[in-house]
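Chemist: Quick one: structure below, then a few questions.
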Amino acid sequence: MRRSFRILLFCFFLFYLPSAAGAAPPSPSLPAPDRLKYPPLTWQIPEPSRWVMDNGIVLYHLPNIELPLVSVSLVIRTGSIFDPAGKEGLADLTATVMRTGGAAPLSGDLMDDRIESLAAILRVSADRESSNASLSVLRKNLAEGLDLFSRILMTPSFEEKKLALAKNLKLEELRRLRDDPQKLAFREFQRMFFRGDPRGSYPSRSSVQSITRDDLIRFHERYFHPANVMIAMTGDLSASEARELATRYFGAWRSTAASAQIPPPEKGLSGGMFFLLKDTPQSVIVSGRFSPSKRESRFYPFELLDFIAGSGGFRSRIFQQIRTDEGLAYSTGSFYRARPDYGLFGTYVLTKAESTVRALAVLNSILGDLSTQPVRVEELSSAKKAIDNSFIFSFASAERIVSQYVSAEYDGLPGDYLKSYRKRIEAVTEKDLLDAAARYLGTASPSVTLILGNASVLEELRKIHPSMEVLAPLPEE
Amino acid sequence: MIGHRLHRAAALAILFTAASLLLLLRPLPLSGFDLEERVQKHVLSNGLTVLLFERHQSPTVSLYIRYRAGAVDEPEGKTGMAHLLEHMMFKGTKTIGSKSFSQERPILDKIADTGRLLDAERRKKGRADAARIETLTKRLEQLQQSHRRWTVSNEIDRLYTENGAADLNASTGQDLITYHVSLPANKIELWARIESDRMRNTVFREFFAERDVVMEERRQRSESDPGGKLYEQFIAAAFTAHPYRRPILGWPSDMRNLDMDTMTEFYRRTHAPNNTVIAVVGDVNPGAAMKLIRRYFGGIPRQTSAGFPLTEEPPQRGERRIEVRFEANPQLLIGYHKPPPPDADDYVLDVIESILSRGRTSRFHKRLVEELALAESVEAVNGLPGSRYPNLFAIFATPRHPHTARELEEAIYAEIDRLKAEPVEERELTKIKNQVKANYLRGLNSNAGLAGMLSYYEALLGDYRYAVRHPDKIEQITSADVRKAAGKYFVPDNRTVATIVKGP
């Protein structure tokens, strides 16, 4: 299947807008910023070509000839979500040792030497629900770069000595985990949020130690095959070159295996408040709850809700109140991770021990307001304008354009997802927002809150939240 | 950490180690892309320098403003002021964020006076009058409340965000203060309107709450983070006289007492057109962009730069070793004094940085991480904590259990001694030169990366062409140069060593 090289037309109409309420009258020399008039922005965003290879690999391509560089990236339908119980860390180690452990006929050391002599950058990494591999190479070294890249992906050797190194470095990372309060708090939040789900499991000393070379080989066999990958090529090469090279280097990749299915989480969230003790002058609060998935219609109002709550810049409510008005934090805000089958909405504050209780109360009152009161008209219109106007930055380079298309396909989103996104944001009403907020942010919907703090914070919080559970400290690794 | 938006929320990030800045801006070589030909440079009659680069990858434009002033320029006792000023620059101007500036002004004066009195009383500590503190605190709160009636908070961010800004942020280093944003290409006038206004007319609203915010920033970056604390103490030990010894965020007692009047004076002196470099990169018509810049910035008067002579760092006379107690695993930092760019030796040290720690085939990784299994990580960085004045070649390392920081330190010295004793093979040098060139090209890929690079070297050295010509300079470096520079700078008497020692 091949779609011809077409042009998507995104028109950015920029209307004159009246000045915001309360702005000062313009001085004679300086126009009021809200009254500036801009020429219309019209731009044609090139649509990448998409091609399915004989072995089933989906290939995207978009040229960019400004610099003599080529980027190749793969997304692989696997991740630590598929770590077997007791072998947590397997996806991560598989990715690491694919890169470092050689691929016939090259040993790991020789592979490093070739890659770096070409001044190429080659990476393989595993995330929770997806994995990635990427190659950045000078145009003149493209064939050799692809040769190395394809060997690493298709026939990695997984040398024992490089596996031992990777395991030892992973153990050191675990040992150092408790040194970083932010990382620790976000990890423990994820662990408590996804109790009983593989999304909540993390490598431990014993799980890492138990992983063998055979485990890596089996994991690779199971997930690294044509039905499970998509390839994107951008930069200084034509569509026909991309196809020819993909066929030459990945055409022999064969497998009867079907693509993997990422299981959705067990929906039932048992909420709760959890405390992790650490002797630190600054507490970390992370709180979250399930929210709409990317495939639900409530995804659009929730994008706006998240923007207004705490991810839409300084004016968003959490930032404005907690940081600007009260000076309680440097880092604070919200995040919304929407996946095809679920969404997670979270809020966070890093604040001194003495103001932890206050920050938590402000956070709760902001979510309470959002779930019971309609947002202000100007808040909604400002959020819509921001999302609409900044949309171009998701398409500002060949790499980004292709990555948008690959992500949409990876997530199984409808074909018109990218083209209709802005229209669907524009169509959201205040009522849609309130409905979504009432359903997902209201007191009836369970949430998980993790607080990392010192003994004085614990004492104070216990008085207010007697049912708060104190987590056992992480074992000394 | 979670999603790209968390990063966005950490806006106003200061450049904590300056290392990230330098790495980002590592010069790139040019092939088939003659940067020097394509950059336009203009200097307005008020001294403002503008660099323009037209390209049409997407209908966007990246805009950098760099002031040649930073933490290094703060008067003694006022550490943290440059960074707090950077935060205050988002508080609006007389015409942005105000319902009536004439109503605001007298209240702001009273807020400044009351804040000063309150700080003075608090400084008395044990002898402070508790009742007076309470009265002043209440008065300050009341004044802030009545001030709020005349203001619209966070207007600058609202304007940029609503108009589609990406990468809106600012940073403060020892050397420079930077404000940058990327916009849809048709919105460049919004940037000119806001930036020219806040170069002269910034109003310090919400001053005391923002002072609390930067105290939280310090807690986050230094007090809760072992690496941050170690770096601060390391720098303070490596420099005894030069202001580079002071943290960018400031010392806590200075930060608690920063005041609006001193900041106004610093702002006037530093945020002047003759102290400023602008870079515009993207989908613009250079002629039209210059017209716009002249219209908005051209009338801003130049300021006499009454810079005071900086204390020079005397030569180090013997190794300095410090320990930092922290409830964390060991970390190690080593630094050697050396000259800044564009000194010829600085280029050689750039090459040494790569030989030691760029990539999996680098000497540190090969020997210390893989073969000896002593280290979790070892990274060399040429040029801390700034590059306007003589600086440091630094090595950051974390030992792998059960090895100690001391064992790792000795192994690092063995690798450094190899540089002095053995010539570097031609093959290894060529590899590094190729990497420098390829990374240079990668850096040209994004508008923001290019605007950042051009404005950085123009502001730092008075000539953006330093970056353009860097790869050619690197190309000429020989094995003998490496040996000579290693022998000259990597000597124990010129060394500062700092380690984390576990303990409360």
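Each value in this text was obtained by applying a stated rule to the coordinates, not by laboratory testing. Computed from a predicted structure; not experimentally measured. We place every Cβ from the backbone using ideal geometry, glycine too, and count neighbours over all the protein chains shown.
Chemist: So what's the convex hull volume per residue for the Cα atoms of segment A:217-317, in Å³?
Modeler: 303 Å³
Chemist: Additional query: Taking a cut-off of 18 Å between Cα atoms, list the lysines near A:Lys419, but don't count ones fewer than 8 places away on the same chain.
Modeler: Within reach: A:Lys294, A:Lys384, A:Lys385.
Chemist: What are the semi-axes of the equivalent ellipsoid of segment A:237-388, taken as the square roots of 5 times the eigenvalues of the Cα gyration tensor, listed largest first and rounded to whole Å?
Modeler: Semi-axes (√(5λ), whole Å): 39, 21, 18.
Chemist: Can you give the translational diffusion coefficient of segment A:309-379 in µm²/s, computed by Stokes-Einstein from the Kirkwood radius over Cα pairs at 37 °C and 0.692 mPa s?
Modeler: 257 µm²/s
Chemist: Work out the mean other chain Cβ neighbour count within 10 Å for the residues of B:220-230 and drop it here as an integer.
Modeler: Per residue, the average neighbour count from other chains is 4.
Chemist: Taking 8 Å as the Cα distance limit and 6 or more residues as the minimum spacing, I'd like the relative contact order of segment B:352-504 as a percentage.
Modeler: Worked out over segment B:352-504, it gives 18 percent.
Chemist: Residue by residue through A:162-169, how many Cβ atoms from other chains fall within 10 Å of the Cβ on average?
Modeler: Mean shielding count: 2.
Chemist: Would you please classify the overall shape of segment A:258-345 from the alpha carbon gyration tensor, given that a ≥ b ≥ c denote the square roots of the eigenvalues, rounded means a/c under 1.5, and beyond that prolate means a/b larger than b/c while oblate covers the rest?
Modeler: The shape class here is oblate.
Chemist: Two decimals is fine: what is log10 I(q)/I(0) at q = 0.17, 0.21, 0.22 Å⁻¹ for segment B:408-501, from a Debye sum with one equal scatterer on every Cα and no solvent?
Modeler: -0.96, -1.03, -1.05
Chemist: Check each of the chymotrypsin sites (Phe, Trp or Tyr not before Pro) in segment B:43-130 and keep only those in coil by DSSP with at most 10 other C-beta atoms within 10 angstrom; list them in order.
Modeler: Answer in residue order: no site qualifies.
Chemist: Quick one: what does P(r) look like for segment B:99-150 with 5 Å bins over all Cα pairs, in whole %?
Modeler: All Cα pairs considered, the percentages come to 4, 22, 26, 19, 13, 8, 5, 2, 0.
Chemist: Using only alpha carbon positions, build the gyration tensor of chain B, then give the equivalent ellipsoid semi-axes as the square roots of 5 times its eigenvalues, largest first, whole angstrom.
Modeler: Here the semi-axes work out to 40, 31, 19 Å.
Chemist: Taking segment A:164-225, which trypsin sites (Lys or Arg not before Pro) meet the DSSP loop condition and have no more than 16 other C-beta atoms within 10 Å?
Modeler: Of the trypsin sites (Lys or Arg not before Pro), the ones in loops of segment A:164-225 whose Cβ has at most 16 other Cβ atoms within 10 Å are A:Arg195.
Chemist: Bin all alpha-carbon pair distances of segment B:449-504 at 5 Å intervals from 0 and give each bin's fraction as a whole percent.
Modeler: The distribution over segment B:449-504 is 4, 13, 13, 11, 12, 17, 16, 7, 5, 2, given as percents.
Chemist: Sticking with this structure for a sec: For chain A, what is the relative contact order in percent, using Cα pairs closer than 8 Å and at least 6 residues apart in sequence?
Modeler: Relative contact order comes out at 18 percent.
Chemist: Quick one: the Cα spread of segment A:133-173 along its three principal axes, in angstroms, biggest first?
Modeler: Between the extreme Cα coordinates on each principal axis of segment A:133-173 lie 39, 21, 14 Å.
Chemist: Cα-Cα over 18 Å: which of B:Lys110/B:Lys138; B:Lys338/B:Lys437; A:Lys140/B:Lys437; B:Lys338/B:Lys488?
Modeler: Violating the 18 Å Cα-Cα cut-off are B:Lys338/B:Lys437.
Chemist: How far is the Cα center of segment B:463-493 from the Cα center of segment A:89-139, in Å?
Modeler: Each part's Cα centre sits 31 Å from the other's.
Chemist: Using only the C-alpha atoms of segment B:320-502, find the volume of their convex hull and express it per residue in Å³.
Modeler: Enclosed volume per residue, from the Cα hull, is 127 Å³.
Chemist: Compute for segment A:272-470: radius of gyration divided by Kirkwood radius, i.e. Rg/Rh, restricted to C-alpha atoms, rounded to two decimals.
Modeler: 1.01
Chemist: I've got another one for you. Can you tell me the FRET efficiency between A:Ala438 and A:Glu266 if r is taken as the Cβ-Cβ distance and R0 is 22 Å, rounded to the nearest 0.05?
Modeler: So the FRET efficiency works out to roughly 0.40.
Chemist: At a Cα cut-off below 20 Å, give the aspartates and glutamates reachable from A:Lys37, other chains included and same-chain residues fewer than 8 away excluded.
Modeler: List returned: A:Glu378, A:Asp388, B:Glu155, B:Asp157, B:Glu162, B:Glu189, B:Glu195, B:Asp197, B:Asp283.
Chemist: Now, a different point. Would you calculate the convex hull of the Cα atoms in the protein assembly as shown and tell me its volume per residue in Å³?
Modeler: Convex hull of Cα atoms, per residue: 163 Å³.
Chemist: With 30 Å as the limit, write out which pairs from A:Lys167/B:Lys484; B:Lys78/B:Lys125; A:Lys87/B:Lys366; A:Lys352/B:Lys502 have Cα-Cα distances beyond it, or answer none.
Modeler: Cα-Cα > 30 Å for A:Lys167/B:Lys484; rest within.
Chemist: Another one. Report the semi-axes of the equivalent ellipsoid for segment B:65-133 in whole Å, largest first, where each axis is √(5λ) for an eigenvalue λ of the Cα gyration tensor.
Modeler: Its equivalent ellipsoid spans semi-axes of 27, 22, 8 Å.
Chemist: Return the Rg/Rh value of segment A:144-257, two decimal places, where both radii are evaluated on C-alpha atoms and Rh is the Kirkwood radius.
Modeler: So for segment A:144-257, dividing Rg by the Kirkwood Rh gives 1.08.
Chemist: Please tell me the relative contact order of segment A:49-250 in percent, rounded to the nearest whole number, where contacts are Cα pairs under 8 Å and at least six residues apart.
Modeler: 39 percent
Chemist: List the extent of the Cα atoms of segment A:49-250 along each of their three principal axes, largest first, rounded to whole Å.
Modeler: So the extents along the principal axes, rounded to whole Å, are 48, 34, 31.
Chemist: Treat each spin label as a single point 7 Å out from the Cα along the C-beta direction, and report the A:Asn132 to A:Ser206 distance in nm.
Modeler: Computed distance between label sites A:Asn132 and A:Ser206 equals 3.4 nm.
Chemist: Next question, about the same structure. If you keep only loop residues by DSSP, which trypsin sites (Lys or Arg not before Pro) in segment A:253-287 have at most 15 other Cβ atoms within 10 Å of their Cβ?
Modeler: Those satisfying the criteria are A:Arg254, A:Lys267.
Chemist: When the Karplus curve 6.51 cos²θ - 1.76 cosθ + 1.60 is applied with θ = phi - 60°, which whole-Hz ³J(HN,Hα) does each residue of segment B:449-457 get, with x for Gly and Pro?
Modeler: Along segment B:449-457, the couplings run x, 5, 4, x, 5, 4, 5, 4, 6 Hz.
Chemist: When you look at the Cβ of every residue in A:65-74, what mean number of other chain Cβ atoms sits within 10 Å?
Modeler: Per-residue shielding by partner chains comes out at 3.
Chemist: Moving on to the next point. So how far apart, in nm, are the two label points at B:Gln57 and B:Asp261 if each is 7 Å from Cα heading toward Cβ?
Modeler: 4.9 nm
Chemist: Here's a follow-up. How would you classify chain A from its alpha-carbon gyration tensor, with a ≥ b ≥ c the square roots of the eigenvalues: rounded for a/c under 1.5, else prolate if a/b is greater than b/c, otherwise oblate?
Modeler: Taking the square roots of the gyration eigenvalues as a ≥ b ≥ c, chain A is oblate.
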